[in-house]
Amino acid sequence: MQTKSAQRWIDRIIIAIMAVLGVFMVLPFAWLFSMSFRAPGEAYKMPPSFLPPNLDFRNYWAVLHSSVPFLQIYWNSLMVAVVVTLGQLITCTLAAFAFARLKFPGRDSIFFVFLVGLMFP
């Protein structure tokens, strides 16, 4: 059995590794966000820099003022996501209550099928 100080060191090392992995996972999104504020020619400049030398909002202006109604499409997607999420919350809450409290024929078999479905992507 390990001592408490050894366990603390192991915990600190695990937390440090997880923090480094977390930074590596967030870094591509931060780079993408940083690149969105650059002029198109600056994206391929060598050596690359993380922070843009000056903020350029032309990329956002081009998206918002293009022939594609980006804001309307985004709003429609947001509404679909909200409605589907609320519908899932309601139906899953009712199903969870039924599986937890009600006894009906085939309950365990149906629950098993749901669990097997969760195991596969």
Problem set entry | Test: residue in the range 12-27 that is loosely packed, with under 11 Cβ neighbours inside 10 Å, among the charged types (D, E, K, R) and part of a helix (DSSP H, G or I) | yes
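For (1) of a type in the set (Gly, Ala, Ser); (2) in contact with a Phe, Trp or Tyr (Cβ under 7 Å, 6 or more places away or on another chain), each residue gets a yes or a no:
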| site | (1), (2) |
| --- | --- |
| Met25 | no, no |
| Ala30 | yes, no |
| Ala43 | yes, no |
| Pro53 | no, no |
| Asp56 | no, yes |
| Trp61 | no, no |
| Val80 | no, no |
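For every residue, the table says whether it meets (1) under 27 Å from Pro40 (Cβ atoms); (2) in contact (Cβ under 8 Å) with a residue 12 or more places away in the chain; (3) surrounded by 10 or more Cβ atoms within 10 Å (Cβ to Cβ); (4) charged (D, E, K, R).
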{"site": "Phe70", "(1), (2), (3), (4)": "yes, no, yes, no"}
{"site": "Trp75", "(1), (2), (3), (4)": "no, no, yes, no"}
{"site": "Pro105", "(1), (2), (3), (4)": "no, no, no, no"}
{"site": "Ser109", "(1), (2), (3), (4)": "no, no, no, no"}
{"site": "Phe120", "(1), (2), (3), (4)": "no, no, no, no"}
Seminar exercise, completed: Per the list (1) polar (S, T, N, Q); (2) surrounded by fewer than 10 Cβ atoms within 10 Å (Cβ to Cβ); (3) at pLDDT 95 or above, residue check on Ser5 breaks on (3)
Exercise. Would a scan of the range 40-60 turn up a residue that is exposed (fewer than 10 other Cβ atoms within 10 Å of the Cβ), outside any loop (DSSP other than H, G, I, E, B), aromatic (Phe, Trp, Tyr) and at pLDDT 95 or above?
Worked result: no
Exercise. Can you tell me which residues in the range 1-49 are touching a helix residue (DSSP H, G or I) at 6+ places or on another chain (Cβ under 8 Å) and over 30 Å from Trp61 (Cβ atoms)?
Worked result: Gln2
Problem set entry | Selection count where residues are within 17 Å of the chain's Cα centre (by Cα) and of a type in the set (A, V, I, L, M, F, W, C), scope the range 9-28 | 6
Problem set entry | Hits in the range 72-112 (condition: over 21 Å from the mean Cα position of the chain (by Cα) and either assigned to a loop (DSSP other than H, G, I, E, B) or within 30 Å of Trp61 (Cβ to Cβ) (or both)) | Gln72, Leu102, Lys103, Phe104, Pro105, Gly106
For this session: Quickly run through the range 61-71 and pick out the residues that are assigned to a loop (DSSP other than H, G, I, E, B) and of a type in the set (A, V, I, L, M, F, W, C).
Result: Val68
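The values are calculated or read from the model by the stated rules, or taken from the named source; none is laboratory data. Quick caveat, the model's predicted, so the values are computed rather than measured. We place every Cβ from the backbone using ideal geometry, glycine too, and count neighbours over all the protein chains shown.
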